[in-house]
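See structure below.
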C-alpha cells in the first residue's frame, strides 16, 4: 500500500466513525517524519478511542502496518504512526490547544473531500 492509499484508508476509516474536521497535510516537503499528517477531532473520549481503533483495524485489514500508538489511555490525543502517514485523533479542546495545523502551516492541504461522506 503506497502512502496515498494509506492516507485514503485513514480518512475513510475516521469518517466512518464520524470524525469531525478531518484535515490532511502533505508534509513531504517540510518533514522527514512522514508523507502525510491527518488531523481530526471527536466530541468524547469514547469517540476518540473508537476512531483510533477503526483506523488501526482498517489499515491492518488492507495490509498496512501500525508502528506505534500513543495516548490511548487518556484519549485526549491519540497518535497513530503508520510510517508514511501519522494520524492525530483529538478531543476538540485538545486540538484547539495544540493547533497542529498552525505548527505545520508550511505543509499544503490535501483535498480529502471525495473520501468523506456528507
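The values are calculated or read from the model by the stated rules, or taken from the named source; none is laboratory data. Computed from a predicted model, the values in this text were never measured in an experiment. Heads up, the Cβs are rebuilt from the backbone with ideal geometry, glycines too, and the neighbour counts pull from every protein chain shown.
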Which condition breaks for residue 33 when tested against (1) at pLDDT 95 or above; (2) touching a strand residue (DSSP E or B) at 6+ places or on another chain (Cβ under 8 Å); (3) in a loop (DSSP other than H, G, I, E, B)? (1)
Scanning the stretch 101-112 for residues that are outside any loop (DSSP other than H, G, I, E, B) and modelled with pLDDT under 95, the one nearest to residue 40 (Cα to Cα) turns out to be 101
Do the conditions hold for residue 100, that is, is it under 16 Å from residue 10 (Cβ atoms) and surrounded by 12 or more Cβ atoms within 10 Å (Cβ to Cβ)? yes
Filter the stretch 1-12 for residues that are touching a strand residue (DSSP E or B) at 6+ places or on another chain (Cβ under 9 Å) and without any contact (Cβ under 8 Å) to a residue 60 or more places away in the chain; the one that is surrounded by the most Cβ atoms within 10 Å (Cβ to Cβ) is 9
Set 50, 75, 24: member being part of a loop (DSSP other than H, G, I, E, B) and touching a residue at least 24 places away in the same chain (Cβ under 8 Å): 75
Among the residues of the stretch 57-79, what is the count of those that are closer than 23 Å to residue 45 by Cα and touching a helix residue (DSSP H, G or I) at 6+ places or on another chain (Cβ under 6 Å)? 7
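Do we find that residue 17 is in contact (Cβ under 8 Å) with a residue 40 or more places away in the chain, buried (at least 18 other Cβ atoms within 10 Å of the Cβ), within 14 Å of the chain's Cα centre (by Cα) and farther than 20 Å from residue 111 by Cβ in this structure? Show your work before the answer.
Values: in contact (Cβ under 8 Å) with a residue 40 or more places away in the chain: no; buried (at least 18 other Cβ atoms within 10 Å of the Cβ): yes; within 14 Å of the chain's Cα centre (by Cα): yes; farther than 20 Å from residue 111 by Cβ: yes.
It is false that residue 17 is in contact (Cβ under 8 Å) with a residue 40 or more places away in the chain, buried (at least 18 other Cβ atoms within 10 Å of the Cβ), within 14 Å of the chain's Cα centre (by Cα) and farther than 20 Å from residue 111 by Cβ.
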Checking residue 60 against (1) part of a strand (DSSP E or B); (2) surrounded by fewer than 18 Cβ atoms within 10 Å (Cβ to Cβ), only one condition comes out false. Which one? (1)
Report whether or not residue 86 is in contact with a helix residue (DSSP H, G or I) (Cβ under 8 Å, 6 or more places away or on another chain) and either within 15 Å of residue 20 (Cα to Cα) or at pLDDT 95 or above (or both). no
